[in-house]
Each structure stands twice: as C-alpha cells, then as structure tokens.
Amino acid sequence: MHIDIDTDLCIGAGQCALAAPAVFTQDDDGYSALIPGREDATDNPMVREAARACPVGAITVTEDAPRAAAVTDD
C-alpha cells in the first residue's frame, strides 16, 4: 500500500489526522502530512478511512503492484 497526499488540493481540514493519527499529522501551516516513515503504512487499517474522510479527496491510497513471478527457462 502506498499513500500520497496532493498538497495542492489539501485544505487542512484535519480529518485524516483524526482518522489515522499514527499515520497522518498536520504541518506548521495546518495541511496534511505523513508522519516520517509511515509512507507505506500497510499495518494501519484506518488509512483508507482517512482517505475517505478527506473532504476534497487529497489522499490517494494505492495497492503495490503484485510482484511478477520470475520466469525461468527450464
């Protein structure tokens, strides 16, 4: 899972930080920011709820692409 915040779209409502405080915070200007090291917070079930709670849709949560199986010539 990967989390992206569109900083141009964010209005600083803080819903993400309320929904998933272990992953999101607000910067000095009040806009959404990821807590350092939490960019790929696969262990937090509230990340998707935080994205849904954003009133302007500034948060995108995507699944990592599945790894392709190695192809070998036998």
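Here are the numbers for the structure shown:
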| read-out | value |
| --- | --- |
| Helix-derived mean residue ellipticity, 222 nm - over the chain, DSSP H n ≥ 4, -39500 (n - 2.57), to 500 | -3500 deg cm²/dmol |
| Amide N proximity, segment 44-62 versus Leu18 label position 7 Å along Cα-to-Cβ, cut-off under 11 Å | 53-55 |
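Coordinate-derived values only; no laboratory data. The shown structure was predicted, so the numbers you read here are calculated from the model rather than taken from an experiment. In this analysis, Cβ positions are derived from the backbone assuming ideal geometry, glycine residues included, and neighbour counts consider all displayed protein chains.
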